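Below is one structure, written out as structure tokens, with a few remarks after it.
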Amino acid sequence: MGIRLFVGNLPYDATEAHLREHFGAVGPLSYVYLPTDRETGKQRGFAFIEYADEAHAREAIRRFDSQPFKGRPIGVSEAVARDQRPPSPRPRPAPSSGVTIAAPGPAGPSFGPDAAPRRSRKPSKGGAKGERVPKGPIRERKNARVVFGADDDGVEDDDLGENFASRTELWDDDDAGSEES
């Protein structure tokens, strides 16, 4: 069996023919595989190639690793079985949800040193901004005038001021105008 190589950081428009042409300069390829995404069918940006001769595989790693291919620097290394790889330092999504979990280091996840404060601020007098608490009852204004409907709280129209519906001069003028015509 030959030596299988992992080729990473491939452009998404790379084809099997492009890989065979590029890596064929070292020796004949016995196998080329470009994985595609299950949902979209688009290429995933890496490939597996295989040389029948171990010397050709070592030469391909030496010659093509970190070299540009179609405008991108590719990474070429010997492929390692999934169960034999060391754990990745990159965050991996949880299997049941889209939440990303950071891979813990020796003392837990490492997020780097604390950032310097942007500027010094005076402490606020009302507590933290995110805390929302009721401010208390709404104060009533002493000089405010409240108007209710006719059936509310037994408030009489005479108590509120002039009663517009019972203005006599308005009714008299209208009656007088209708009699003249």
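Please work out if SER77 is of a type in the set (Ser, Thr, Tyr) and touching a residue at least 40 places away in the same chain (Cβ under 8 Å).
Values: of a type in the set (Ser, Thr, Tyr): yes; touching a residue at least 40 places away in the same chain (Cβ under 8 Å): yes.
For SER77, the condition - of a type in the set (Ser, Thr, Tyr) and touching a residue at least 40 places away in the same chain (Cβ under 8 Å) - is met.
From the set of residues in the stretch 1-35 that are over 8 Å from GLU50 (Cβ atoms) and of a type in the set (Phe, Trp, Tyr), which is surrounded by the most Cβ atoms within 10 Å (Cβ to Cβ)?
In the first step, residues of the stretch 1-35 are kept if they are over 8 Å from GLU50 (Cβ atoms); the result is 1, 6-28, 33-35.
Then keep just the ones that are of a type in the set (Phe, Trp, Tyr); that gives 6, 12, 23, 33.
On the way: PHE6: 15, TYR12: 11, PHE23: 24, TYR33: 12.
The extreme case among them is PHE23.
Inside the stretch 25-35, can you point out the residues that are more than 14 Å from PHE64 (Cα to Cα) and outside any strand (DSSP E or B)?
Taking the stretch 25-35 first, the residues more than 14 Å from PHE64 (Cα to Cα) are 28-35.
The answer is PRO28, LEU34, PRO35.
Of all the residues that make up the stretch 25-52, how many are acidic (Asp, Glu) and either touching a residue at least 40 places away in the same chain (Cβ under 8 Å) or touching an Asp or Glu at 6+ places or on another chain (Cβ under 8 Å) (or both)? Walk me through it before giving the result.
So the first thing to find is which residues in the stretch 25-52 are acidic (Asp, Glu), and the list is 37, 39, 50.
Right, trim to either touching a residue at least 40 places away in the same chain (Cβ under 8 Å) or touching an Asp or Glu at 6+ places or on another chain (Cβ under 8 Å) (or both) and you get 50.
Total satisfying the criteria: 1.
Give the residue that is modelled with the highest pLDDT, with candidates limited to residues of the stretch 69-121 that are of a type in the set (A, V, I, L, M) and not in a loop (DSSP other than H, G, I, E, B).
So in the stretch 69-121, the residues of a type in the set (A, V, I, L, M) come out as 74, 76, 79-81, 94, 99, 101-103, 107, 115-116.
Narrowing the set further to residues that are not in a loop (DSSP other than H, G, I, E, B) leaves 76, 101.
Details: VAL76: 94, ILE101: 52.
Looking at residues that are of a type in the set (A, V, I, L, M) and not in a loop (DSSP other than H, G, I, E, B), I get VAL76.
If you take the residues in the stretch 36-59 that are in contact with a strand residue (DSSP E or B) (Cβ under 6 Å, 6 or more places away or on another chain) and part of a loop (DSSP other than H, G, I, E, B), which one is farthest from SER77 (Cα to Cα)?
To start, the set of residues in the stretch 36-59 that are in contact with a strand residue (DSSP E or B) (Cβ under 6 Å, 6 or more places away or on another chain) comprises 36, 43, 46-52, 54, 57.
Filter once more, so that each one left must be part of a loop (DSSP other than H, G, I, E, B): 46, 52.
Working: PHE46: 12, ALA52: 16 Å.
Filtering the stretch 36-59 for residues that are in contact with a strand residue (DSSP E or B) (Cβ under 6 Å, 6 or more places away or on another chain) and part of a loop (DSSP other than H, G, I, E, B), the one farthest from SER77 (Cα to Cα) comes out as ALA52.
Could you tell me how many of the residues in the stretch 1-24 are in contact with a Phe, Trp or Tyr (Cβ under 7 Å, 6 or more places away or on another chain), assigned to a loop (DSSP other than H, G, I, E, B) and within 22 Å of LYS42 (Cβ to Cβ)?
1
Pairs needed: first member in the stretch 1-24, farther than 15 Å from PRO68 by Cβ; second member anywhere, of a type in the set (S, T, N, Q); C-beta distance under 6 Å; at least 6 residues apart or different chains.
Pairs found: GLY2/SER30; PHE6/SER77; TYR12/GLN43.
Consider ARG85 carefully, then state whether it is surrounded by 12 or more Cβ atoms within 10 Å (Cβ to Cβ) and not small (Gly, Ala, Ser). Full working, then the answer.
Details: surrounded by 12 or more Cβ atoms within 10 Å (Cβ to Cβ): no; not small (Gly, Ala, Ser): yes.
It is false that ARG85 is surrounded by 12 or more Cβ atoms within 10 Å (Cβ to Cβ) and not small (Gly, Ala, Ser).
The values are calculated or read from the model by the stated rules, or taken from the named source; none is laboratory data. Since the structure is predicted, the reported quantities are computational estimates derived from the model, not experimental observations. Cβ coordinates were reconstructed from backbone atoms using ideal geometry, including for glycine residues, and neighbour counts include every protein chain displayed.
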